[in-house]
1. What tally of residues in segment 107-116 results from selecting those that are assigned to a helix (DSSP H, G or I) and either surrounded by 21 or more Cβ atoms within 10 Å (Cβ to Cβ) or not assigned by TED's automatic domain parsing to the domain that holds Val68 (or both)?
2. What single numbered condition from (1) touching a Phe, Trp or Tyr at 6+ places or on another chain (Cβ under 7 Å); (2) assigned to a helix (DSSP H, G or I) fails to hold for Arg391?
3. Just to check your reading of the model, which residue among Leu104, Leu75, Leu93, Leu81 is outside any strand (DSSP E or B) and free of Cβ contacts under 8 Å to residues at least 24 places away in the same chain?
4. Run down Val273, Val269 and say which single residue is β-branched (Val, Ile, Thr), farther than 27 Å from Asn386 by Cβ and either in a loop (DSSP other than H, G, I, E, B) or at pLDDT below 95 (or both).
5. Residues in segment 377-406 that are surrounded by fewer than 22 Cβ atoms within 10 Å (Cβ to Cβ), under 20 Å from the mean Cα position of the chain (by Cα) and farther than 30 Å from Ser187 by Cα: how many?
6. Kindly provide the set of residues from segment 228-278 that are of a type in the set (Lys, Arg), in contact (Cβ under 8 Å) with a residue 40 or more places away in the chain and under 30 Å from Leu411 (Cβ atoms), ordered by number.
7. Can you confirm whether Thr351 is among the hydroxyl-bearing types (Ser, Thr, Tyr) and under 30 Å from Asp279 (Cα atoms)?
8. Of these, Gly119, Gly103, Gly128, Gly137, which one is out of contact with any helix residue (DSSP H, G or I) (no Cβ under 8 Å at 6 or more places or on another chain) and surrounded by 17 or more Cβ atoms within 10 Å (Cβ to Cβ)?
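The values are calculated or read from the model by the stated rules, or taken from the named source; none is laboratory data. Computed from a prediction, not measured in an experiment: that's the story for all the values here. Every residue, glycine as well, gets a Cβ built from its backbone with ideal geometry; the counts of neighbours run over all protein chains shown.
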Amino acid sequence: MTVNDDSFTNWKNREEIAESMIPLIGKLHRERDVTVLVHSRSLVNKSVVSILKTHRFARQIAGEELSVTETLPFLQALTALDLGPSQIDIGMLAATYRADDRGLSVADFTAEAVAGATGANKIECREGRDVVLYGFGRIGRLVARLLIEKAGSGNGLRLRAIVVRGGGGGRAGEDLVKRASLLRRDSIHGQFQGTITVDEANSTIIANGNAIKVIYANDPSEVDYTAYGIKDAILIDNTGKWRDREGLSQHLRPGVDKVVLTAPGKGDVPNIVHGVNHDMIKPDERILSCASCTTNAIVPPLKAMEDEYGVLRGHVETVHSFTNDQNLLDNYHKSDRRGRSAPLNMVITETGAASAVAKALPDLKAKITGSSIRVPVPDVSIAILNLQLARETTREEVLDYLRDVSLTSPLKRQIDFTSAPDAVSNDFIGSRHASIVDAGATKVDGDNAILYLWYDNEFGYSCQVIRVVQYVSGVEYPTYPAPVA
């Protein structure tokens, strides 16, 4: 076998270019709070190989080659601009420049495309918003990772404290070390990207230089957050213990301004799916919910299909990974079937996702029903969305439409798209999207469309939570070029 020297040399050249991009991306993030993206995927804190793989994604989805040789000039042009906090997609810049026939230089085209982030139009950097996590389980720890990741610029969100129940009978220091270890290592999501140390004397976890106070309390009424220098904080309740306004109002203690629940809200608590109805949050609303992982997975594609085709009725069947509220081995459980061994059985259970659609999409008149099966995998689920449309269409038309939605629409952070013929659930661990359309499994027959939607019910959902928190905190920065409405 002979080695293709041209291919190898080309790879080494692209490696060198990607390596040169890393300090430019890091400087824009640290000094100006600019997040550099390629087709909605962040390049901040990414390795050389990750940058190259992110560029390859564009070819796999958009069908067009995108190389670092093409995006580097746009990145270099950005460093010469007086930018304010923003998200800038150099993949989209390259794609739109390719289609532009005015003969502009890369520098001039870039300056025009991101004009809203420069000069008198730019957003000024502001003091970070305090965030408190109440509960530190599966979602709590992933949300913590995301908050720490986004703290690099010194602006935006700052994780100040984590509230947990008193340690399980051992010394407080031992409890702190165990919780820090769970943040550091995860059997599904891997190692924490950075350094973690524990200050037992001050009950503090220090992650990538961020000092995070660990507060022990058995009830919200026991905590005065101002005693820890926390003010106007967003509190994220990851326990699910309280889901109505009365219960969640207990968190509105000194130092806390708003409460965000990472579970479906009950009663008049707004259920928010970022990308769909987050802009309906009233400025004076102090309590809201991010709904469920499944609701976040199905509502954005459902909205996309309703906008283009109209939806008369639908049914969603979720094949869901098992969760901590099931038993490892058969034992008593308040639910009928969840007491049976989660790693050994498929378990039929209920889902509230279908009924939650009405809260997130109140204009959707179609009746949506739902059911769920828990299966023996620890993460990543799939929702099978069976829709009767208002008009007939074809499989090719639906796939072309959803591919465009995933690349250029305002829902591109929520909806991803895969055409991989051998895709399986493990491939989507760590996905930052609310759901991923599986092109190969999609079925269309006249006015009937069946979409198979993968979703990382832990990490993808946690990303949606962070987007909601950024929005209500006023630190969700605009994206350039602007998505196509």
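1. Residues meeting the conditions: 2.
2. Of the numbered conditions (1) touching a Phe, Trp or Tyr at 6+ places or on another chain (Cβ under 7 Å); (2) assigned to a helix (DSSP H, G or I), the odd one out for Arg391 is (2).
3. Leu104
4. Only one candidate passes the filter, namely Val269.
5. 2
6. Arg243, Arg245, Lys258
7. Yes; evaluated as a whole, the condition is true for this residue.
8. None of the other options fit; the residue is Gly128.
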